[in-house]
Amino acid sequence: MSRPLLIAIDGPAGAGKGTLARRLADYYHLPHLDTGLTYRAVAHMLIAKGWPLGDAPHAVEAARRVDLTALDRTVLSAHAVGEAASKVAVIPEVRRILVEKQRAFAARPDGAVLDGRDIGTVVCPEARVKLYVTASAAVRARRRLAEIEANDGSGDFATILADIERRDERDMGRADSPLRPAEDAHLLDTSEMDIEAAFQAARAIVEEVLAGGNEA
Ligand code: DC
């Protein structure tokens, strides 16, 4: 039997890893899990109940209740939920519970695509392909502003940039499973790429690995 095609994609907020993960999953006919949604689900439950984000016992209870088959992207994609998710994600017991669920998802005979912050380093260190997707903070802020404006909203570049930098600091600076590239990750800087170019670059890396050239 051939080795499962497990693809781990990590990177900071707004680097485009979600879009890339979906495109790769589609292309290789693999199930996809956006692990950010699992942390968002915990944050959303705490907010809905009016519990403080730093309340570890309640956060742990919420993490236990997270159901991977019932993650509602529409509700969870709100900016405030992402901010809150980054705060609950520093609680080690919350991470332990969610990582266990994420690993169960990843354990498929054919493989899977998971994206997040610690997939290549902690959740699936055995992944066959590891991508670390980045883009400069300014580019990520510009993309986010364009996205907001495309949805008829308005935003301020400096505020969005400050938000992104604060989130990077929290995600990269936490003690448990900080965001960082795995030693064997392929780096993909999408600052100068559109979605199509980024997808083609990622696909080329996967194809190289499948051809036997470059196992992660
Ligand atoms: O990718 P996202 O914006 O949906 O993630 C929201 C937050 O969840 C992120 O700021 C940090 C946390 N997270 C994490 O700690 N580990 C992951 N594997 C995925 C997300």
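Got a number for residues in the range 38-82 being surrounded by 15 or more Cβ atoms within 10 Å (Cβ to Cβ) and part of a loop (DSSP other than H, G, I, E, B)?
Within the range 38-82, residues that are surrounded by 15 or more Cβ atoms within 10 Å (Cβ to Cβ) and part of a loop (DSSP other than H, G, I, E, B) number 5.
Which residues, counting only those in the range 20-55, are of a type in the set (Gly, Ala, Ser) and closer than 25 Å to Cys124 by Cα?
Ala21, Ala25, Gly36, Ala41, Ala43
Considering each of Leu20, Leu5, Leu33 in turn, give the residue that is in contact with a Gly (Cβ under 6 Å, 6 or more places away or on another chain) and closer than 28 Å to Gln200 by Cα.
Numbers: Leu20 fails: in contact with a Gly (Cβ under 6 Å, 6 or more places away or on another chain); Leu33 fails: in contact with a Gly (Cβ under 6 Å, 6 or more places away or on another chain).
Result: Leu5 is the single residue among Leu20, Leu5, Leu33 that is in contact with a Gly (Cβ under 6 Å, 6 or more places away or on another chain) and closer than 28 Å to Gln200 by Cα.
Read-outs: derived from the displayed coordinates by stated rules, not from any lab. The model shown is predicted, which means the values in this text are computed figures rather than measured ones. All Cβ positions, glycine included, derive from the backbone under ideal geometry; neighbour counts span all protein chains shown.
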